[in-house]
Amino acid sequence: MIISLTGFMGCGKSSTGRELAARTGARFIDLDEEIVTREGRSIPEIFREGGEDAFRAIELAALRAVLDEATAAGQDAVLALGGGPLTLPEARNRVFSRTRSVWLRTRLETIRGRLGASDASRPLFADADALYARRAPLYARAELTVDTDEKSPAAVAEEILRITIRA
């Protein structure tokens, strides 16, 4: 089984994903880290050099590859998506048809508290309000939703385990 974690930047996809993978013995895959490894450059560099459209194309190719690799290997995996793959119809289709998708729903106020007023490593954070409003309906299409406000990554991972594996 592949469990994918989606949600806005700063919602805890990576930290929760690592915790969940450790508890289940599944492989942990951070899509943003995969992109950096495959491209040999940082996400801000990719945005500076090619813009968001170029980044989304790279992101989609990485998503295809990691899902195909995990499926072919028959691996259990926890996949932490970036905040934006679900903006692409093909990515949504792949995530929703090939994984147990979980939206880590987090209030924007909580995210701001976690990330601060601005985060230079997150090129789209400057427009957080509008971006959050556009993306939340996409995240809401996930199979499951777990609220993360006031919860540690360990507590969120335990809740995901309860509703996906132990239920």
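Couple of notes before you dig in:
- Any hit, region 13-34, residues being at pLDDT below 95, touching a Pro at 6+ places or on another chain (Cβ under 9 Å) and of a type in the set (A, V, I, L, M, F, W, C): no
- Contact map, region 138-167: first residue under 26 Å from Thr87 (Cα atoms) and among the aliphatic types (A, V, I, L, M), second residue open to solvent by less than 30 Å² (accessible area, probe 1.4 Å) and in a loop (DSSP other than H, G, I, E, B), Cβ cut-off under 8 Å, separation 6 or more or different chains; pairs are Val156/Gly12; Val156/Thr148.
- Taking the criterion of being among the basic types (Lys, Arg) and open to solvent by less than 30 Å² (accessible area, probe 1.4 Å), the only residue of region 125-167 that qualifies is Arg135.
- Figure legend. Inter-residue proximity from region 66-82: first residues open to solvent by 10 Å² or more (accessible area, probe 1.4 Å), second residues in a loop (DSSP other than H, G, I, E, B), beta-carbon distance below 7 Å, spacing 6+ or different chains. Indicated pairs: Asp76/Met1; Asp76/Ala26.
- The residues of region 7-31 include none that are buried (at least 22 other Cβ atoms within 10 Å of the Cβ), more than 20 Å from Arg105 (Cβ to Cβ) and of a type in the set (Phe, Trp, Tyr).
- Just one of (1) of a type in the set (Gly, Ala, Ser); (2) modelled with pLDDT of 85 or more; (3) open to solvent by 90 Å² or more (accessible area, probe 1.4 Å) fails for Ser97. It is (3).
The values are calculated or read from the model by the stated rules, or taken from the named source; none is laboratory data. Bear in mind the structure is a predicted one, so any value in this text is a computation, not a measurement. Neighbour counts are summed over all protein chains in view; Cβ atoms, including those assigned to glycine, are modelled from backbone coordinates with ideal geometry. The protein model used for the area step is the full one, side chains on, heavy atoms only, and it has no ligands, DNA or RNA in it. Shrake-Rupley method; radii C 1.70, N 1.55, O 1.52, S 1.80 Å.
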